[in-house]
There are 2 protein chains.
Amino acid sequence: MAEFTVDPFADRYARRAAGMSASEVRALFAVASRPDVVSLAGGMPFVEALPIEHVVEVAEAVLLERGDVALQYGAGQGSELLRRRLAMLMAQEGTEADPEDLVVTTGAQQALDLVGKILIDPGDAIVVEAPAYVGALSAFSAYEPRILQVDLDDDGMVVEQLEDLLVRGERPKFVYTVPNFHNPAGVTMSRGRREQLVALCREARVPIIEDNPYGLLRFEGDPQPTLRSLDPHNVVYLGTVSKVFSPGVRVGWAVAEPGVLQRLVLAKEAADLCGSQLNMLITERYLDGEAWRRNLEGLVETYRRRRDVMLAALPERFPADAEWTRPAGGFYVWVSLPEYFDTPTLLAAAVERKVAYVPGTAFYPDGRGRQQMRLSFCYPTEARIEEGVKRLGELLADEEELYRSLSR
Amino acid sequence: MAEFTVDPFADRYARRAAGMSASEVRALFAVASRPDVVSLAGGMPFVEALPIEHVVEVAEAVLLERGDVALQYGAGQGSELLRRRLAMLMAQEGTEADPEDLVVTTGAQQALDLVGKILIDPGDAIVVEAPAYVGALSAFSAYEPRILQVDLDDDGMVVEQLEDLLVRGERPKFVYTVPNFHNPAGVTMSRGRREQLVALCREARVPIIEDNPYGLLRFEGDPQPTLRSLDPHNVVYLGTVSKVFSPGVRVGWAVAEPGVLQRLVLAKEAADLCGSQLNMLITERYLDGEAWRRNLEGLVETYRRRRDVMLAALPERFPADAEWTRPAGGFYVWVSLPEYFDTPTLLAAAVERKVAYVPGTAFYPDGRGRQQMRLSFCYPTEARIEEGVKRLGELLADEEELYRSLSR
C-alpha cells in the first residue's frame, strides 16, 4: 500500500475502524517472510505434503463433470454434499452433527466474524481465554465488545475464574474457547474442565463458542469429547478444513441450533452472498475416499516429529528459567521468558538474526504477554526448527544483560 | 434448516440480528428453482458459455506449477499478479487504477460489507438509489444506518434530490450507486449526471461508493466514464469477475485511497483472513491471454439477444398501462405495473404458474415497490424468456379484475 500523509476520509470512519492501523509487528513480518529467515511465527500448515496429483484429478473431475455448478453462485448455507462430509469429519472426533445444522463459511475465521456479528452489541461483555487466538480477537473487536479474559493452565481454561466473573454479575454474550491444542498456548482442556465449563454455562445460560481447528492433529493420548457433544443445545461449534486439507480453499463451518444457524446463514449471505462452489466441490470430493486420511496420518506424524525437535531444542538453547508448554497436538508451543525480557521489542533483533516468532502481546487485548512468545513448529523442517531455536536462544543469551539492566 | 419452536438464544442476539429472519419470498424462491419454473428472478450469469476445457487447463496448470501457493494461506490484500489483472479489467473501461490501491474481496458483496463495516456507525445516514441493489441493502443494514433513498430516472440517479438532502442538513457517510445497467432498474447514469454527482459529493465531502459489476456487459452506445475516473480521491470503486468470468470463484475487489484501503484490508483480514489463493491464481491465469475476451464478446451477444427477446415480448404480453426500462447492458428489466397490482402477493400465484420474478419491495427498505418487479434476462434461453413473459402476462390479465377490486 502506498504511503500517505493526509487522509481525506479521516473524519468519516466508523468508531470500530478509527483504531484500525497496521502494527509494527506487521511490518516486521513482511521482512520475516524472506527465505533466509526461519519463521517460527506463521501458522501455515505443511501443504507441500498434499497429494498434488490427486488434487489435480479432483479439480479436473469437478470442472468436467459439474462445471456449471462449480462456476455458478450457490446457496448461502453451502452445498448439502459438502455439509455431509464436514459432519463426517466431526464424527471422526465422536461428535454427531446434522448437516442441516451446519453452515459452510470462508474458513473458520468467517464463522468467528459472523458469530460476533449476530451476538455482540457495542459494550456487551464476552469471555475469551488468556491468551486468546489473535484472529478471534480481531473478528470480535469489530463489534466493540468488552473483552473479559480467563486464564489458561495445563488443563485448559480455569473455569473457576469464569465462575467468579458470573458471580460478580457479568452476563457475557458468550464464552469463546479453543479446547484442543490451543492457539497460542498449546494446552488442551481436560475432561473434567470440559464438564465443568459446559455445566456452568448451561446453568448460567451463556452460550459457548467452541473453535476446534486442530482437533484431528493429535500426536498422543486419547481424544477428549468436544463441548458440542457434551451439550449441543448451548454450544456453537466451529471447524475448518485448513489443517486437514488446505487453507487455500477457504472452507470452514459452524454448527448451531436452528435459531442461531438461520441468523448465521443470513449474515453470511449479507457478508459475501455464498462461498465458492468450486472450492466446495473440490473439498467435498477430496474428502470422499481414503487419500485424505492417508495424507492426514502422514501430516500428524510430520508435525509430531517437528514438535519433538522443538521440545528437545528448547531446554538446550533457552534460558534456564524460561518455561514452555508441551502440546499433545496442533501447531504451537507457548514460551514464557524471565520477566525482564520484552518480546515485542526483541522481535526486531530476532528478525535481524533471521528468526521470527509472534510476541505474546498479540494474544491479549490489554497489553499483557510481553514476556511470552508463540513458536510454531508446523511449517519449517526439523533442521530449520533446530536452527531457529538456536538463533533465538543465542539472541536471548546475548540480550539478557541488556534487558536485565533495562528492567531495573 | 430444521424447524424449531423455542430459541434458547432468543435474548442473546445483537440488535442487528434480532430482525434477521428468512422471508416468505425466500421460501418461494426455493420452489422456483425447480426446472419446470421459468425463473426471471435470479441474477445468475450464463456460465454454461464458459470455455470449460480451457478452465480445466488453467486449474491444472495452477495446481501443478504453483500448488504450494494455491493451497496455502495468502496475503489479506490478495496476490499482486491478480491485482494487476483486475486493474487491467478496469482499464478496459478507461479507468486507471494502481494495483497497490486494490484489495481483492470475496465477490463485490464482501467489499460492500467491508465498506459498511469501516464507515457506518449505528444511526449514521447513508444514501442509496431508489430502488437499490438488495445485496447492498443487506450488507449495509448490518451496521444499522439510517438509509436515505434518492430516485432514479432514465438518466440514473436524480442528483437534485441528493442536493436537497444535503441542503436540508443531512451529512451522509457515503452515497452508494450502481451507475451502469443498474440492478434492479436497468438504467445507466448519463455523462451529465456523473459530472454533477461527482462535483456535488466532492464539494460536500461525501464519499461515493461506485459499484460496477456490469460495466463490461454493454450492448450498444458509448461507455460512460466511471465515477472513479472522474474523481479518484473521493470514489471507492467496487468490481467483480462474476460477470466476465465466474461467480463460482468469488473474486471481487475494491479500489480506494490509501487510508480507506488500509482499513479495508484490515477489516478483510478480520472477516476471513484472506481470499482463496486457488481461486485467485485461477482467475489471474484465466484473465491472462485472449480466451476470456472471446468468451466475453460471446456473452455480450447472448445477453443482448435475450434482452431483445424480453423487450419484444413485454408489449405483446403485459398490460397496456405497464411500463418498463430498456437496459443498454447488464441483466435486468424493471417493470412498473398499474397501481392496483401488488407484486409481493402475486408471486405465489406466479410460481404456481411456473414463472418467477423478484417483487420490487426487495429493493426498498421502506415498503415501497409493491407495483414493481425485476425481470432478469441473463440466464434463461430466448425461448424460456418468451414463455416466462407469456406466463406472467397471462397471470396479470387473469388477476387484473381481482386486484382492481381489492385496491378499491
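The values are calculated or read from the model by the stated rules, or taken from the named source; none is laboratory data. Every value quoted in this text rests on a predicted model; they were computed, and no experiment measured them. Here Cβ is always computed from backbone atoms with ideal geometry, including for glycine, and neighbour counts include all displayed protein chains. Each accessible area value is taken on the protein alone, full model and side chains, heavy atoms only, with ligands, DNA and RNA left out. Shrake-Rupley method; radii C 1.70, N 1.55, O 1.52, S 1.80 Å.
Just so you know, in the range B:115-136 the residues that are out of contact with any Phe, Trp or Tyr (no Cβ under 9 Å at 6 or more places or on another chain) and more than 9 Å from every other protein chain (Cβ to nearest Cβ) include one that is most open to solvent (accessible area, probe 1.4 Å), and it is B:Gly123.
Identify, from the list B:Leu299, B:Leu264, the residue that is at pLDDT 95 or above, of a type in the set (A, V, I, L, M, F, W, C) and surrounded by fewer than 24 Cβ atoms within 10 Å (Cβ to Cβ).
Among B:Leu299, B:Leu264, only B:Leu299 is at pLDDT 95 or above, of a type in the set (A, V, I, L, M, F, W, C) and surrounded by fewer than 24 Cβ atoms within 10 Å (Cβ to Cβ).
Looking across the range A:360-402, the residues that are in a helix (DSSP H, G or I), touching a residue at least 60 places away in the same chain (Cβ under 8 Å) and of a type in the set (Gly, Ala, Ser) come down to A:Gly360, A:Ala362, A:Gly388, A:Gly393, A:Ala397. Pick out the one residue from B:Met20, B:Met44 that is within 7 Å of chain A (Cβ to nearest Cβ) and open to solvent by 50 Å² or more (accessible area, probe 1.4 Å). From the options B:Met20, B:Met44, the qualifying one is B:Met44.
Taking (1) in a loop (DSSP other than H, G, I, E, B); (2) more than 8 Å from chain A (Cβ to nearest Cβ); (3) open to solvent by 20 Å² or more (accessible area, probe 1.4 Å) in turn, B:Gly76 satisfies each apart from (3). Scanning the range B:185-197 for residues that are of a type in the set (A, V, I, L, M, F, W, C) and either open to solvent by 10 Å² or more (accessible area, probe 1.4 Å) or at pLDDT below 95 (or both) yields a single hit, B:Val187. Of all the listed residues (A:Arg353, A:Arg368), the sole one being open to solvent by 40 Å² or more (accessible area, probe 1.4 Å) and in contact with a Lys or Arg (Cβ under 7 Å, 6 or more places away or on another chain) is A:Arg353.
Given the condition open to solvent by less than 30 Å² (accessible area, probe 1.4 Å), closer than 30 Å to B:Arg384 by Cβ and among the aliphatic types (A, V, I, L, M), answer yes or no: does some residue in the range B:137-151 qualify? Yes: the range B:137-151 contains one or more residues that are open to solvent by less than 30 Å² (accessible area, probe 1.4 Å), closer than 30 Å to B:Arg384 by Cβ and among the aliphatic types (A, V, I, L, M).
Name the residues in the range B:79-104 that are outside any helix (DSSP H, G or I), farther than 21 Å from B:Asn234 by Cβ and either hydroxyl-bearing (Ser, Thr, Tyr) or open to solvent by less than 50 Å² (accessible area, probe 1.4 Å) (or both), would you? Lay out the reasoning, then the answer.
Residues of the range B:79-104 outside any helix (DSSP H, G or I): B:79, B:92-98, B:102-104.
With farther than 21 Å from B:Asn234 by Cβ added as a condition, the list becomes B:79, B:92, B:104.
The answer is B:Ser79, B:Val104.
For A:Arg250, the requirement of being over 22 Å from the mean Cα position of the chain (by Cα), of a type in the set (Lys, Arg) and either open to solvent by 10 Å² or more (accessible area, probe 1.4 Å) or at the interface with chain B (Cβ under 8 Å from one of its Cβ atoms) (or both) is not met. Any residue in the range B:304-323 that is assigned to a loop (DSSP other than H, G, I, E, B), closer than 30 Å to B:Leu392 by Cα, small (Gly, Ala, Ser) and in contact (Cβ under 8 Å) with a residue 24 or more places away in the chain? For the range B:304-323, residues assigned to a loop (DSSP other than H, G, I, E, B), closer than 30 Å to B:Leu392 by Cα, small (Gly, Ala, Ser) and in contact (Cβ under 8 Å) with a residue 24 or more places away in the chain: present.
Check whether at least one residue in the range A:274-284 is of a type in the set (Gly, Ala, Ser) and under 30 Å from A:His233 (Cβ atoms), and report yes or no. Reasoning before the result, please.
Initially, the range A:274-284 is screened for residues of a type in the set (Gly, Ala, Ser), giving A:275-276.
From what is left, the residues that are under 30 Å from A:His233 (Cβ atoms) are A:275.
Scanning the range A:274-284 turns up at least one residue that is of a type in the set (Gly, Ala, Ser) and under 30 Å from A:His233 (Cβ atoms).
A:Tyr237 satisfies every condition listed in (1) farther than 20 Å from A:Val127 by Cα; (2) in contact with a Leu (Cβ under 9 Å, 6 or more places away or on another chain) except (1).
Can you name the residue in the range B:376-408 that is polar (S, T, N, Q) and either touching a helix residue (DSSP H, G or I) at 6+ places or on another chain (Cβ under 9 Å) or under 16 Å from B:Trp324 (Cα atoms) (or both) and, of all such residues, is least open to solvent (accessible area, probe 1.4 Å)? Within the range B:376-408, the match that is least open to solvent (accessible area, probe 1.4 Å) is B:Ser376.
Within the range A:273-288, which residues are of a type outside the set (A, V, I, L, M), in contact (Cβ under 8 Å) with a residue 60 or more places away in the chain and not in a loop (DSSP other than H, G, I, E, B)? Scanning the range A:273-288 gives A:Gln277, A:Thr283, A:Glu284, A:Arg285, A:Tyr286. Among the residues of the range B:162-184, the ones that are closer than 18 Å to B:Ala199 by Cβ and open to solvent by 60 Å² or more (accessible area, probe 1.4 Å) come to 4 in all. Every condition in (1) open to solvent by less than 30 Å² (accessible area, probe 1.4 Å); (2) under 24 Å from A:Val128 (Cα atoms); (3) touching a Pro at 6+ places or on another chain (Cβ under 7 Å); (4) not aliphatic (A, V, I, L, M) holds for A:Arg307 except the one numbered (2).
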